[in-house]
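Notes follow the structure.
The values are calculated or read from the model by the stated rules, or taken from the named source; none is laboratory data. Note that the structure is predicted; figures quoted are calculated from it, not measured. A quick note on method: Cβ atoms are made from the backbone with ideal geometry, for glycine too, and the neighbour counts reach across all protein chains shown. Keep in mind that these areas ignore ligands, DNA and RNA; they rest on the heavy atoms of the full protein, side chains included. Shrake-Rupley method; radii C 1.70, N 1.55, O 1.52, S 1.80 Å.
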Amino acid sequence: MKVVILAGGFGTRLSEYTKILPKPMVKVGGKPILLHIMNHYAKYGFDNFYIALGYKGEIIKKYFKKKKFKWKINLIETGKNTMTGGRLLKMKKYIGNETFMATYGDGISDVNLKKLVKFHKKSKK
């Protein structure tokens, strides 16, 4: 299953950091938030990532070009000023009509993603 990560916002509430970095690249425990998110999804077998880039997206591109990952990582330019809905709409050509996971690139959680997908499919919503 594909995972869309929205990583293009301006991050204004963390402006002391985001003048230099996009918010998903702010480090927590020595690693970018984005990497924590991707590790969490990969732990549940979701490792086909589509990262919707915007503000300072070149920094995210540079990070992933420097390192090797066993995941499939697609870095998609969605526009610096594009809002959340617009970013998702721009991802449609990469996702198609299949079920996909979506998350913001600045939130770390411990949600059981297998249970989440199971609930989603069972409820048919």
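Worth pointing out:
- When the range 19-46 is limited to residues that are among the small types (Gly, Ala, Ser) and within 27 Å of Lys115 (Cβ to Cβ), the one that is surrounded by the fewest Cβ atoms within 10 Å (Cβ to Cβ) turns out to be Gly29.
- Every pair of residues 6+ apart whose Cβ atoms lie under 9 Å, when the first sits in the range 36-47 and is of a type in the set (A, V, I, L, M) while the second is part of a helix (DSSP H, G or I): Ile37/Pro24
- Number of the condition not met by Leu113 [criteria: (1) touching a His at 6+ places or on another chain (Cβ under 8 Å); (2) open to solvent by 30 Å² or more (accessible area, probe 1.4 Å)]: (2)
- With respect to the conditions (1) buried (at least 16 other Cβ atoms within 10 Å of the Cβ); (2) farther than 25 Å from Tyr44 by Cβ; (3) without any contact (Cβ under 8 Å) to a residue 40 or more places away in the chain, Lys62 falls short on a single one, namely (1).
- Residue list for the range 68-91, restricted to those being of a type in the set (A, V, I, L, M) and open to solvent by 30 Å² or more (accessible area, probe 1.4 Å): Ile73, Leu75, Met83, Leu88, Leu89
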